[in-house]
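First the structure, in the form of structure tokens, and then the observations on it.
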Amino acid sequence: MSLRMWGATLWLGVSAVFTLPAQAATAVLLNNVVALPYGQSQLPPERLKPGQTYQQLKQVDNFDNTGGDDFKPWAGDVELGLVLSSGNTESTAIRANAELLHEMKDFRNKYLIQTLLQRNSQFDDETNTKTRYTTGQRINLVGQSNYKFYRSEHSIFGRAAYLNDRFGAFHEQASVAAGYAKRLYEEGDSYWDFETGPGFAHQETSDGQRSTGIIWFVATNLDYAFSETNSFRQALEWSVSLDGKNSSWQSRSVLTSQVSGQLSMRLSFVMKYDSSPGEFRQKTDTETSATLVYSF
């Protein structure tokens, strides 16, 4: 290479180097991609991970204590079902349920309220009068609190439940349980929980027989969102008597479809089994319902 050609090459290289600003705030890359200086990128805030508290996330990741715009500490739904019949047969059935979830720093609290009231009217030809009587009256209350371990899917729970059913095989069923819980799966609004632990149960049958004993409680709950407007829930609970008394399990299958805004329609199927319901009583009860749901 001649001296003249070598000098021209050197001059072009030096010119290309000094064309870019030495203190540029951004670097222009291929395909119109811009690399911002460290600390100036506008990344979306990290969401709270399962089992993680706001305070812990803020200390580790400099997370804003508000938890993001889309985070709601309270969530749940309220459903109402009403059946009215008139004419030769008159009946009224009212079903009102509420299921609430409260997400706190260290705790996840769940509340369940289920009620049913049904009344029928019967016409007496001899007296030419109608007699109104109650054929269904039930209230079920469940409260549970989970203490979440630091940045993990594990927790410990405490649970209390009370059922009063005037026309059921058991007039009263009450239980308390505590143990270990784990979130087996979570993606978006879908999750799968598992819980197990010992407890105590008290029961009174329709004929007045009472019993109290130790139980082992097992539960699993799957919430799966098919889309933004349709979801499915499957809840299973086992209460196994450890001293040979009544054991029970319950399955609750729920399909919810959004109608408009926060209003949805819900189709539910509940099956409950008791091993010792008492004389002349069926061991299995089933219930199918369609209700209107308000979610928040």
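Observations, loosely collected:
- Rounded to the nearest whole Hz, the Karplus-based 3J(HN,Hα) values (6.51 cos²θ - 1.76 cosθ + 1.60, θ = phi - 60°) of the range 107-123 follow the sequence 10, 10, 10, 10, 9, 10, 10, 10, 9, 8, 9, 9, 9, 10, 10, 10, 8, with x at glycine and proline.
- Inter-label distance, Y273 to R166: 3.0 nm, where each label sits 7 Å from its Cα along the C-beta direction.
- Qualifying aspartates and glutamates (Cα of each under 16 Å from Cα of K72; at least 8 residues distant if same chain): E46, D64, E99, E103, D106, D189
- Note on K105 and H154: the model spin-label points, each 7 Å out from Cα along the C-beta direction, lie 2.3 nm apart.
- Of the GluC sites (Glu not before Pro) in the range 199-252, those whose Cβ has at most 14 other Cβ within 10 Å and which sit in DSSP loop: E228
- Distant-in-sequence amide H partners of S247 (H built 1.01 Å from N, under 5 Å): S241, S275, S276
- Sites matching GluC sites (Glu not before Pro) across the range 76-135 that sit in DSSP coil, with at most 14 neighbouring C-beta atoms within 10 Å: E126
- Projected label distance in nm at S91 and Y147, using a 7 Å step from Cα toward the beta-carbon: 4.8 nm
- Around S264: net Lys/Arg minus Asp/Glu count, Cβ-Cβ under 9 Å: -1
- Karplus 3J(HN,Hα) series, Hz, for the range 137-151 with 6.51 cos²θ - 1.76 cosθ + 1.60 (x for Gly, Pro): 8, 8, 9, 10, 10, 9, x, 9, 10, 10, 8, 8, 6, 5, 6
- Listed residue pairs exceeding 27 Å between alpha carbons, taken from K245/K272; K105/K272; K105/K182; K182/K272: K105/K272
- In sequence order, the range 177-189 has phi-based couplings of 8, 8, x, 9, 9, 8, 8, 6, 7, 7, 8, x, 8 Hz under the Karplus curve 6.51 cos²θ - 1.76 cosθ + 1.60, θ = phi - 60°, and Gly or Pro positions carry x.
- For the range 76-295, the convex hull drawn through the C-alpha positions has a volume of 129 cubic angstrom per residue.
- A simple count of charges around S275, restricted to other residues whose Cβ falls under 9 Å of its Cβ and scoring Lys, Arg +1 and Asp, Glu -1, yields +1.
Values in this text are rule-based calculations from the coordinates and carry no lab data. Owing to the predicted nature of the structure, the values given are computational and were not obtained by experimental measurement. Backbone-built Cβ (ideal geometry, glycine too); neighbour counts: all protein chains shown.
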